[in-house]
Every structure is written in C-alpha cells, then in structure tokens.
C-alpha cells in the first residue's frame, strides 16, 4: 500500500444520463466525463448519490464505473461501493481494484438502523478483506451515521481505511474529525461533501471534497478549491457565495438530484428522464428552478445557459448584458492614443 498518492482535491460525482428508452446513454456519459477532464477536475466519484446508484442494477453500476475509468484520462477514481451486504461490497471492491480505481467510498449500512458497535464491526470486516483502499462515507440522511469515536478507531487501527467523506452538513462534526484524527494520522483524507461548507472546510484543513455542483459548474468549484489552496481567502469567499447560489437552486429542486440533472442540460448535455416520476406540480417547480438556474449560470459566464434565463415561470428569456473587459478596453484606448502621438 506504500507509495500511493494522497487522496486530495475535488472528486466529481457525475450523473448517469438516460436515453429515450430509459437505458444508460453511454455515449453521453462518455462526453460528460471527457468534458470534466478538460475542465481540470481532480478526479471522479461514480456510483454515489448523484449517480442514483440505488436506481441502477448491480451490473449497470459496474458498467457506469467502467465507462468513467475509460474516459477519465488517468485521473483518480473514488468509486461508490455501497452495496446491501458485506459479500456484495467486497465483490465491488475487487471489481474496482481490477479497474485501477484509487479507492472505494462506502457508506454506513443503509435501510436497517444499526448500533455503532455493529457499524464498527462492519467496517473492520471490510477493511480486513478489501483489496482496495476505503473511504468511510458519512451521510446520515441516507444511511446509518458513523460516530466520530468509531471513525477514529477505524482510522487508527485499519491501514486500509484511508479517509472519510462527510456529508452531514455538520461543521462542528467536521472540525472534530480533523482534530481527533489528523494529528495522529496526517495521511488520513478528510473530504467535505457539502458545497455550502467548502470554503470553511478548506480553511480548517480539509483535503478537498466530492461535490455534486462540480459536474455542472466545474470551473466555479475548481476556482474555489484553488483559491483556498493558495490562501487567497478573500477571493475564495466571493467564489463561495456564487457557488451557494448555484447549489441552493439545484439541491432545493424536487426529487434530488433532478435539479442537478437540469444543470447538466443547461450546460449542453442530454440528461434524459430520471428513473423516478415527477408530479405535475413538481415538474412546474423544476421548470421554474431551471429558468432561475440558467440566469445564475449565465451570470457566471456560461453563455450556453443564457437562452433559458427567466425571472419567473412563463417569463421571456433574459439576455444578460454584454460584459465589458475594462482592462483590455483601456489597453486599446491607450494604444490608439500612443499611435496618434507617434
């Protein structure tokens, strides 16, 4: 296990696009991953909540992962491997290892409410048998929460467990994780999974994050990450506020992750219909959100979204005003003045 690169940076949880028959649109998925590579994201996080892994068959999850690996241009893959029992998790771990993934991300057991003692034993068993490094994923809204004492014991006792991703939205917990574990195991990766906390998490010492907005606006997320890494906190705060606008609209839309799928559409991709129906009222809410999201994306400089920018439902598109590049304009004027003097 020696010599492996530390897990740090922004890992993007991608959507899974569907064709008109509801099948995985493989060509479109490949196009999305290639585009994200060009935008400079650190790596990828397939088969997570954003990828709606729970709505895919086991074989489909494997197929999605293989496609992402093939198109990732060598970027590290942190693969979702949350399966319903230990045997299937380990089978997915072996598959991910064979594909060359950097690590797998495993949530606490889901559906059944378990004791912390059982959860600790679950991860110890996985760590003892997995052929690939494990990131413990704490997302209490969807799975059993993993307490900090349990996480600390796992981190200090199990070399195969190399990090954690926290999507609890609890900044106090996140800081406690850093304080309790990083001092004793500096190589243990602590990643944030909630966009609203990225700047703060980086300031406190986070190693990066797995952020859904990175698939819609990778330019904004990577800008914030790089500003934070460089210690440009004033700039990072301003970028964080812009990211808040984008994230709040998408995460607030009905039927997560429908809002993010709309974001991909506005960036020029064909997401298709998710494998879960929306009511007529929800479809109206999503349409309204899409118009507002288009405005925010256009304001970020993503011109492809401008055509759908609307103030409210049924409102005509708003074309954002032309942005003047003041610096270049001054250069042109000064150049003309100098030419006239000569």
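Can you name every residue in the range 183-195 that is free of Cβ contacts under 8 Å to residues at least 60 places away in the same chain and surrounded by 17 or more Cβ atoms within 10 Å (Cβ to Cβ)?
Residues of the range 183-195 free of Cβ contacts under 8 Å to residues at least 60 places away in the same chain: 183-186, 188, 190, 192-195.
188, 190, 192, 193, 194, 195 - these are the residues of the range 183-195 that are free of Cβ contacts under 8 Å to residues at least 60 places away in the same chain and surrounded by 17 or more Cβ atoms within 10 Å (Cβ to Cβ).
Would you please list the contacts, defined by Cβ atoms under 6 Å and residues six or more apart or on different chains, that run from a residue in the range 199-221 that is without any contact (Cβ under 8 Å) to a residue 40 or more places away in the chain to a residue that is part of a strand (DSSP E or B)?
As it stands, the answer is 201/192; 206/190; 206/192, since those pairs meet every condition given.
Go through (1) at pLDDT 95 or above; (2) more than 19 Å from the chain's Cα centre (by Cα); (3) surrounded by 19 or more Cβ atoms within 10 Å (Cβ to Cβ) for residue 238 and report which single condition fails.
That leaves (3) as the condition not met.
Going residue by residue through the range 22-29, is there one that turns out to be within 18 Å of the chain's Cα centre (by Cα) and farther than 22 Å from residue 136 by Cα? Steps first, answer last, please.
Looking only at the range 22-29, we keep the residues that are within 18 Å of the chain's Cα centre (by Cα), and these are 29.
Still in the running and farther than 22 Å from residue 136 by Cα: 29.
Yes.
Looking only at residues that are within 24 Å of residue 142 (Cβ to Cβ) and surrounded by fewer than 24 Cβ atoms within 10 Å (Cβ to Cβ) in the range 93-105, which one is farthest from the chain's Cα centre (by Cα)? Even if it seems obvious, please write down each step before you answer.
Step one: of the range 93-105, the residues within 24 Å of residue 142 (Cβ to Cβ) are 93, 95-96, 101-105.
Then drop every residue that is not surrounded by fewer than 24 Cβ atoms within 10 Å (Cβ to Cβ), which leaves 95, 102.
Values: 95: 22, 102: 16 Å.
Out of the qualifying residues, it is 95.
Here is a check on your reading of the model: is residue 180 out of contact with any strand residue (DSSP E or B) (no Cβ under 9 Å at 6 or more places or on another chain) and within 22 Å of residue 72 (Cβ to Cβ)?
Details: out of contact with any strand residue (DSSP E or B) (no Cβ under 9 Å at 6 or more places or on another chain): yes; within 22 Å of residue 72 (Cβ to Cβ): no.
Spelling it out, it is not the case that residue 180 is out of contact with any strand residue (DSSP E or B) (no Cβ under 9 Å at 6 or more places or on another chain) and within 22 Å of residue 72 (Cβ to Cβ).
If you scan the range 43-77, which residues turn out to be within 17 Å of residue 143 (Cβ to Cβ), in contact with a strand residue (DSSP E or B) (Cβ under 7 Å, 6 or more places away or on another chain) and not in a loop (DSSP other than H, G, I, E, B)?
Listed by number, the list holds a single entry, 53.
Could you list, in sequence order, all residues of the range 265-280 that are surrounded by fewer than 21 Cβ atoms within 10 Å (Cβ to Cβ), part of a helix (DSSP H, G or I) and modelled with pLDDT of 95 or more?
Hit for the range 265-280 is 265, nothing else.
So which of 7, 32 is assigned to a loop (DSSP other than H, G, I, E, B), in contact (Cβ under 8 Å) with a residue 40 or more places away in the chain and under 19 Å from residue 78 (Cβ atoms)? Walk me through how you get there before you give the answer.
Details: 32 fails: assigned to a loop (DSSP other than H, G, I, E, B).
Only one candidate passes the filter, namely 7.
Being in contact (Cβ under 8 Å) with a residue 40 or more places away in the chain and surrounded by 24 or more Cβ atoms within 10 Å (Cβ to Cβ) is the filter here; which residues of the range 222-234 pass it? Outline the logic, then answer.
From the range 222-234, those in contact (Cβ under 8 Å) with a residue 40 or more places away in the chain are 222, 225; that's our starting set.
Result: 225, single match.
Taking the range 76-90 on its own, how many of its residues are surrounded by 15 or more Cβ atoms within 10 Å (Cβ to Cβ) and either closer than 16 Å to residue 165 by Cα or out of contact with any helix residue (DSSP H, G or I) (no Cβ under 7 Å at 6 or more places or on another chain) (or both)?
Residues in the range 76-90 being surrounded by 15 or more Cβ atoms within 10 Å (Cβ to Cβ) and either closer than 16 Å to residue 165 by Cα or out of contact with any helix residue (DSSP H, G or I) (no Cβ under 7 Å at 6 or more places or on another chain) (or both): 7 in total.
Provide a single number: the residues in the range 101-124 that are modelled with pLDDT under 95 and either in a strand (DSSP E or B) or more than 23 Å from residue 50 (Cβ to Cβ) (or both).
4
Output yes when any residue across the range 241-264 is more than 17 Å from the chain's Cα centre (by Cα), free of Cβ contacts under 8 Å to residues at least 40 places away in the same chain, part of a helix (DSSP H, G or I) and buried (at least 17 other Cβ atoms within 10 Å of the Cβ), and no when none is.
no
So which residues in the range 156-172 are surrounded by 17 or more Cβ atoms within 10 Å (Cβ to Cβ), within 19 Å of residue 204 (Cα to Cα) and in contact with a helix residue (DSSP H, G or I) (Cβ under 8 Å, 6 or more places away or on another chain), if there are any at all?
Across the range 156-172, the qualifying residues are 164, 166, 168.
The values are calculated or read from the model by the stated rules, or taken from the named source; none is laboratory data. Everything numeric in this text was worked out from a predicted model, so none of it was measured. Methodologically, a virtual Cβ is constructed for each residue, glycine included, from the backbone with ideal geometry; neighbour enumeration extends over all protein chains shown.
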